[in-house]
Amino acid sequence: MGMKITGLQEVQRALKKEIDKLRTPHYALVGIHQSAGVEPDSDGMTVATLGAIQHFGADINHPGGTRYQTTPGGKARFVSNDFVGPVSGVTQPHTIKIPARRWLDVGAEAGTKEYLETIQEGIEDGLDSKQIMARVGVEAVGAIQNYMEDLDSPANAASTIRKKGSSNPLVDSGNLVQSVTSTVVAKKSKEGME
């Protein structure tokens, strides 16, 4: 008794075509790209630079010269240059330490389960690798932004909280969080973090 298989070559060609769609590598680059521009109300600092400072931490050499008043509790309260009341003194040159607040890699890792589901759904929907990575990039942006909005440690200094009216270290105007974007490329980037 013999068996005849029909359409096997067509199935093999269709399967090869689907596998080839996934074989071309694409990468989702997620973070704050140079195209985000300059941070508003800064002296020309890019949003990408601000993001790096927040992520890795930094030591800022302050030249001093900031006027302050001493509160009844003995703490210094900085006053603006326009302030016309009495001042207690002027700060000396000093170093301001900004602690590292690892928002990019830790925020991206928070969405790992969703990325795997997105990849599986993309394969099931017949998408190619570029389309799948675009979807993964959108998921990663959301995971990172949520992480940034929820971050509360290391905490802001009390003076920073008073100045900006928020205790979230990464949220002031919202520009930093909103500047996290994704783009899909066919070649692995040599810049940024991996």
query = Compactness ratio of the chain: Cα Rg over 2.2 N^0.38 Å, N = residue count?
reply = 1.56
note = Computed over all unlike Cα pairs, the Kirkwood hydrodynamic radius of segment 82-160 in Å stands at 16.3 Å
inquiry  = Sort 115-123, 66-74 by packing, meaning the average of other beta carbons within 10 Å per residue, with the highest value first.
reply    = 115-123, 66-74
note = Per 5 angstrom bin, beginning at 0 and ending with the bin that holds the maximum distance, the Cα pairs of segment 1-107 fall in percents of 2, 8, 9, 11, 10, 9, 9, 7, 5, 4, 4, 3, 4, 3, 3, 3, 2, 2, 1, 1, 0, 0
ask   = How much FRET efficiency would the formula 1/(1 + (r/R0)^6) give for Lys187 and Thr95, where r is the Cβ-Cβ distance and R0 is 45 Å, rounded to 0.05?
value = 0.65
task = Just add up the charged neighbours of Pro99: K/R +1, D/E -1, any other residue whose Cβ is under 13 Å from the Cβ of Pro99.
result = +1
message = Let me check against my output: what whole-number percent is the relative contact order of segment 63-157, with C-alpha pairs under 8 Å and at least 6 apart?
response = 25 percent
ask   = Put a dot 7 Å past each Cα toward the Cβ at Ser42 and Ser88; how far apart are the dots in nm?
value = 3.2 nm
task = Go ahead and collect, in residue order, the members of segment 160-178 whose backbone nitrogen is under 13 Å from a label point 7 Å along the Cα-Cβ direction of Ile60.
result = 160-161, 163-164
task = Pull out the extension gain between Gln34 and Glu124, defined as 0.36 nm times the separation in residues minus the alpha carbon to alpha carbon distance; nm, one decimal.
result = 28.9 nm
task = Can you check what the net charge comes to around Leu116, using other residues whose Cβ is under 14 Å from the Cβ of Leu116 (Lys, Arg +1; Asp, Glu -1)?
result = -4
ask   = Got the relative contact order for segment 10-77 handy, in percent, Cα pairs under 8 Å and 6 or more residues apart?
value = 15 percent
remark   = For Phe78, the accessible surface traced by a 1.4 Å probe with all protein chains present amounts, in square angstrom to the nearest 10, to 110 Å²
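The values are calculated or read from the model by the stated rules, or taken from the named source; none is laboratory data. Small disclaimer: the values here were computed from a predicted structure and weren't measured. Every residue, glycine as well, gets a Cβ built from its backbone with ideal geometry; the counts of neighbours run over all protein chains shown. We work out accessible area using only protein heavy atoms, side chains counted, and drop any ligands, DNA or RNA first. Shrake-Rupley method; radii C 1.70, N 1.55, O 1.52, S 1.80 Å.
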